[in-house]
Amino acid sequence: MSDEHQSGSSSPADFGVSTKPIHIVEGSLKFHGRAPEIIGLVLKNLLLNILTIGFYRFWARTKVRRYIWQKMYVLGSPLEYTGTGKELFLGFLLIVFVIFLPYAVISGVLRATGFFDNVQTEFWFTIGTYIAIYYLIGVAAYRAQRYRLTRTRWRSIRAGLTGSSWKYGLWSFLYNLLKLVFGLITPWQNMHLWRIEMQNTHIGDKFFVFDKNKKSRDVLKSMYKAWLVPGLTTLLLFYGPFIYLAFELGSQLDFNAINDEDFNSKVGLYFQEYGTVLTAWPFYLTAALVVIILTDAWYQLKQTRLLLSLTTFENIELSFDAKLISAIKLIAGNLMIGVLTLGLGIPFTQIRNARFMARHIHIDGQLNLATIAQSLSDDLTSGEGLAEAFDMGLV
């Protein structure tokens with residue numbers, strides 16, 4: 001009798017009920033936002049920005065973020081944005097009074113006292129200013145990312161970003177400085193900065209892991225192979241014509257046998273002979289720029305795909321499958337919206353960006369929520385002051 005009872009018993013799965021423990025979640029990234037839903041919000045933000053001479057933009061940005069966050073579903077649950085316009089505004093004021101106002105006062109005093117009468121002194125002061133700003137841009141980007149993450153909740157679990165923004169800014173500055181004379185550093189730079197961000201990003205008390213399977217060396221090789229496409233394209237299309245012109249002109253001129261007058265005369269005759277080519281030069285530069293932008297966009301997509309393949313969170317793996325044509329449609333559409341609306345349609349482009357991310361970023365694996373505890377650290381009392389001062393980060 002007992003055997004018959006066991007063979008005839010039913011399990012929850014027989015009725016379509018999941019037998020997976022409730023603390024195990026899986027799914028994908030989905031975005032349910034629609035542009036028409038925020039038309040009223042955009043118009044309200046525009047009116048209040050006009051009435052407050054632009055100061056309402058901190059609160060306007062916060063409301064747009066809240067909409068985008070709550071429409072983004074990760075593993076079946078929506079995100080929540082807890083930042084406030086007041087925090088963004090206070091962060092902006094902090095940077096203005098701590099950095100920009102003192103700089104303006106010091107610069108004014110030095111100019112009034114004749115310190116800048118020496119051209120060389122003024123030159124080096126200006127160079128130092130540009131270096132400081134260039135360095136602070138990296139710091140601002142990291143702190144802005146930290147603020148957004150600390151104000152992000154998923155299933156009431158707070159995200160965050162640890163690490164030093166000053167050290168990240170230094171790395172970013174040094175890499176960009178080196179890239180001016182050694183462009184081949186680009187893939188290495190991008191992987192290193194990505195590693196810093198990912199290894200310091202956490203959800204609750206669990207951190208993302210970069211290169212869990214020790215494949216970063218192979219991935220870096222793939223990045224360099226991909227980087228050759230925009231690198232060689234830029235070299236050939238921009239520098240190739242000048243190199244050709246130099247060789248062509250050099251083959252026709254004997255620099256040791258002619259004087260300056262003959263040299264200038266022959267150069268003038270050469271340019272007259274190729275006048276049609278020179279007339280078409282602006283069109284060539286435009287076409288070359290378009291090709292370079294397209295090859296760089298292709299590389300950026302390839303790079304994102306490779307770097308995400310090295311990024312994991314617990315048992316979750318990430319992948320990215322966007323193609324160049326879809327990226328072109330996104331960028332072209334965003335530019336058209338921005339131009340036709342004189343910048344007022346930026347929130348609509350942010351929705352397009354969020355939809356693009358959700359469509360092309362894939363999440364594989366299951367997440368055990370029972371292993372994640374709430375994080376009580378990494379809190380910021382003000383947000384994105386430097387980024388706001390430099391007008392960085394539209395989302």
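Under 12 Å from the Cβ of Arg111, count the other residues' Cβ atoms, weight Lys and Arg +1, Asp and Glu -1, and hand me the total.
Values: positive: none; negative: Asp117, Glu122.
Overall, the nearby charge balance is -2.
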The extension gain from Leu228 to Lys214, computed as 0.36 nm times the residue separation minus the Cα-Cα distance, is 2.7 nm
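Restricting attention to the stretch 33-95, which trypsin sites (Lys or Arg not before Pro) occupy a DSSP loop and are surrounded by at most 14 other Cβ atoms within 10 Å? Numbers along the way, then the final one.
Details: sites: Arg34, Lys44, Arg57, Arg61, Lys63, Arg65, Arg66, Lys71, Lys86; in loops: Arg34.
Passing both the DSSP loop test and the Cβ count: Arg34.
What net charge is computed for the residues neighbouring Arg359, neighbours being all others with C-beta under 12 Å from the C-beta of Arg359, Lys and Arg scored +1, Asp and Glu -1? The partial results should precede the final answer.
Numbers: positive: Lys30, Lys323, Lys329, Arg352, Arg355; negative: Asp321.
Residues close to Arg359 contribute a combined charge of +4.
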Residue span Ala132 to Leu294: 0.36 nm per residue of separation minus Cα-Cα distance leaves a gain in nm of 55.1 nm
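What is the local net charge at Leu43, summed over the other residues whose Cβ is closer than 14 Å to its Cβ (Lys, Arg +1; Asp, Glu -1)?
Numbers: positive: Lys44, Lys63; negative: Glu37.
Net charge in that neighbourhood comes out at +1.
Please give the FRET efficiency for Leu170 paired with Ile39, using the beta carbon to beta carbon distance and R0 = 45 Å, rounded to the nearest 0.05.
Values: r = 43 Å, r/R0 = 0.96.
Between Leu170 and Ile39 the formula returns 0.55.
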Ile50 and Thr84 label points (each 7 Å along its Cα→Cβ direction) are spaced in nm at 2.9
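Where a number appears in this text, it was derived from the coordinates with a stated rule and is not lab data. These numbers come from a predicted model, not from an experiment. Using ideal geometry, Cβ is built from the backbone for each residue, glycine included, and neighbour counts are taken over all protein chains shown.
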